[in-house]
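Asks: Structure in structure tokens, see below.
Values quoted throughout were computed directly from the atomic coordinates according to the rules given, and no laboratory measurement underlies them. Worth saying up front: this structure is predicted, and the values here are computed from it rather than measured. Every residue, glycine as well, gets a Cβ built from its backbone with ideal geometry; the counts of neighbours run over all protein chains shown.
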Amino acid sequence: MSSDSEKSAAEAVPGRPGTASRDTVSGDPELLAEVEGETGGDGRQGGPWAIAWRRLRRNKFALFALGGFLLIVVCCLLAPVWANDVADTGPNQTHTLEKLHEGGEVKEVVEPSGKAIGPQFFSAGGKFFLGADGHLGRDEMVRLLYGGRSSLFIGVVAAIVTTFVAVIFALLAGFYGGWTDTAISRLMDVIWAFPVVLLAIALGIVLAVGGLEIGPIHLKASSLWIPTLIIGFVYTPYMARPLRGEIFALREKEFIEAAVAQGAGPTRIMFLEILPNLMSTIIVFFTLNIANNMLLEAVLSYLGAGVQPPSSSWGTMISEGFEALYSQPLLTIIPGTAILLTVLSVNVFGDGLRDALDPKSKVRFEARAGSSDPEAIGPV
């Protein structure tokens, strides 16, 4: 390595050897902007979470996607406000024989032919903003908001279930190894062997008939917890196996040996030493799992193996609207668009979060900033 490169590698941010300073890249505006983004513009890098936040803050697409997702969440949480104060109806309240009086004109909510009224927006004071569903005349906007609450609940809570179970299994298998690892790995392989959708459909159909009864736990067939637990269960191997691999690598590190030498027990090592080093991976998996869970819930509900009446979700709305696809395509397009926007926003934010938390991006940046020698780059 040339003397110029060695000098560039030596000019480091205080407290962080091997990182590029602003003086090192002052001749390159692009690299100077990257250095200021990594160091906050004042030469101080901070901890790994501070660096990740600065990287994420520079990703405008990810922040825009996060804003869109939060907007959808807030709108769905305000469903009771819209239903009570604007639409003056509930998600399951029918209006088959009701008539709207609009500008001296009388409109039937559901025509004798069975065709429901289309979107009225604010012409009827907010009632039937997106129209009514076929045959029963339920307010489509109210059902969309309440259905979004169900879909978001299943997506988020199922991701929590998957994360909790996968982390426990991965810690036990990766830390102890031996027969513990063999037993847990074979269990994960059995679940992994089934296609996700087929396994979820089979479980959903079985539990949709008689509900779930395990000891003191009694869940009705219409409970949202049934599709939530099913989705959380079938996705567990897809998170547990990568985490198990990371734990195998972490348990050989020097800081684990130091903890053992200090007399730390298995529980302390797993939860206080290994688990914190998995948090970035867990956070990324959790975010992306939400999108996958919502898609799977929509598939199950569309096929009748997910959310059961009287509850509704965006998947059930698509299923019910499909019957009137040619006469009222909006009944399918509207909930489908809601799923598309929600899943897309979560995936874009998840990708941005993964890039922000990826330690390899730091190595690439430092290499570009003037050092090609891994030893000169220093610790990440």
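Asks: Search the structure for amide H atoms under 5 Å from the amide H of Leu100, placed 1.01 Å from N in the peptide plane, and list their residues when 5 or more places away or on another chain.
Replies: Lys107, Glu108, Val109
Asks: Could you line up Lys127, Lys60, Lys99 from fewest to most neighbouring Cβ atoms inside 10 Å? All intermediate terms of the calculation are to be shown ahead of the outcome.
Replies: Working: Lys127 22, Lys60 9, Lys99 12.
Least to most surrounded, the residues fall as Lys60, Lys99, Lys127.
Asks: Further question on the same structure: Which GluC sites (Glu not before Pro) does the range 200-252 hold that lie in a coil by DSSP with at most 16 other beta carbons within 10 Å?
Replies: Here the GluC sites (Glu not before Pro) that fit, given the DSSP loop and packing criteria, are Glu252.
Asks: Also, I was wondering about something else. Can you list the residues, at least 5 places off or on another chain, whose amide H is less than 5 Å from the amide H of His95, using H built in the peptide plane?
Replies: Residues meeting the criterion, in which the H sits 1.01 Å from N, are Gly137, Arg138.
Asks: Hey, another quick one. Using the Cβ atoms and a cut-off under 12 Å, what net charge is assigned to the surroundings of His101, where Lys and Arg are +1 and Asp and Glu are -1? Let's see the in-between values first.
Replies: Details: positive: Lys99, Lys107, Lys127; negative: Glu98, Glu102, Glu105, Glu108.
Taking every other residue near His101 into account, the sum is -1.
Asks: Could you estimate the translational diffusion coefficient of the range 141-322 from the Stokes-Einstein equation, with Rh from the Kirkwood formula over C-alpha pairs, at 37 °C and 0.692 mPa s, in whole µm²/s?
Replies: 186 µm²/s
Asks: Could you quote the convex hull projected area for the range 114-158, Cα atoms only and averaged over all directions, in nm²? If you can, show how the numbers build up before the last one.
Replies: Working: hull surface 14.1 nm².
It is 3.5 nm².
Asks: Each residue of the range 53-69 in order: what ³J(HN,Hα) in whole Hz does its phi give by Karplus 6.51 cos²θ - 1.76 cosθ + 1.60, θ = phi - 60°, with x for Gly and Pro?
Replies: 5, 5, 5, 5, 5, 7, 8, 5, 5, 5, 5, 5, 5, 4, x, x, 5
Asks: Another question, then. What FRET efficiency would be calculated for the residue pair Thr337, His135, taking the C-beta separation as r and a Förster radius of 25 Å, to the nearest 0.05?
Replies: Details: r = 22 Å, r/R0 = 0.90.
Step by step, r from the Cβ atoms, then E = 0.65.
Asks: What distance in nm separates the two pseudo spin-label positions at Phe122 and Tyr176, each 7 Å out from Cα along the beta-carbon direction?
Replies: 6.2 nm
Asks: Given the C-alpha centroids of the range 254-321 and the range 68-129, what is the distance between them in whole angstrom?
Replies: 36 Å
Asks: A follow-up question, please. If we count other beta carbons within 10 Å of each Cβ, what is the order of Thr332, Thr236, Thr180, Thr267, fewest first?
Replies: Thr267, Thr180, Thr332, Thr236
Asks: Mind checking the full-extension length gain between Ile217 and Thr281? Use 0.36 nm per residue of separation minus the Cα-Cα distance, one decimal, nm.
Replies: On the way: separation 64, 0.36 × 64 = 23.04 nm, distance 3.21 nm.
Using 0.36 nm per residue and subtracting the Cα-Cα distance, I get 19.8 nm.
Asks: Could you derive backbone 3J(HN,Hα) for the range 315-320 from the dihedral phi with the Karplus parameters 6.51, -1.76 and 1.60 (θ = phi - 60°), listing whole Hz in sequence and x where the residue is Gly or Pro?
Replies: So the Karplus estimates, Gly and Pro as x, are x, 5, 5, 5, 4, 6 Hz.
Asks: Taking neighbour counts of Cβ atoms within 10 Å as a proxy for exposure, in what order, fewest first, do Ser113, Ser151 appear?
Replies: Numbers: Ser113 6, Ser151 32.
By the 10 Å Cβ count, ascending: Ser113, Ser151.
Asks: Among Leu331, Leu278, Pro227, flag the residue with its Cα farthest along the positive direction of the charge dipole of the range 225-343, charges on Cβ as +1 for Lys/Arg and -1 for Asp/Glu.
Replies: Checking the options against the dipole of the range 225-343, the answer is Leu278.
Asks: Skipping prolines and chain starts, which residues have an amide H placed within reach, meaning under 5 Å, of the one on Gly306, given they are 5 or more residues away or on another chain?
Replies: Amide H neighbours of Gly306: Ser301.
Asks: What does the extension gain come out to for Leu187 and Ser327, with contour length at 0.36 nm per residue minus their alpha carbon separation? Let's see the in-between values first.
Replies: Numbers: separation 140, 0.36 × 140 = 50.40 nm, distance 4.81 nm.
Here the segment from Leu187 to Ser327 would lengthen by 45.6 nm.
Asks: Using θ = phi - 60° and the Karplus curve 6.51 cos²θ - 1.76 cosθ + 1.60, what whole-Hz ³J(HN,Hα) does each residue of the range 135-143 get, with Gly and Pro shown as x?
Replies: Listing the rounded values in order: 6, 8, x, 7, 5, 5, 5, 5, 5 Hz.
Asks: Please go through the range 67-163 and write out the chymotrypsin sites (Phe, Trp or Tyr not before Pro) that DSSP classes as loop and that have at most 16 other C-beta atoms within 10 Å. Spell out each step's value before the answer.
Replies: On the way: sites: Phe69, Trp82, Phe121, Phe122, Phe128, Phe129, Tyr146, Phe153; in loops: Phe121, Phe122, Phe128, Phe129.
Passing sites in the range 67-163 are Phe121, Phe122.
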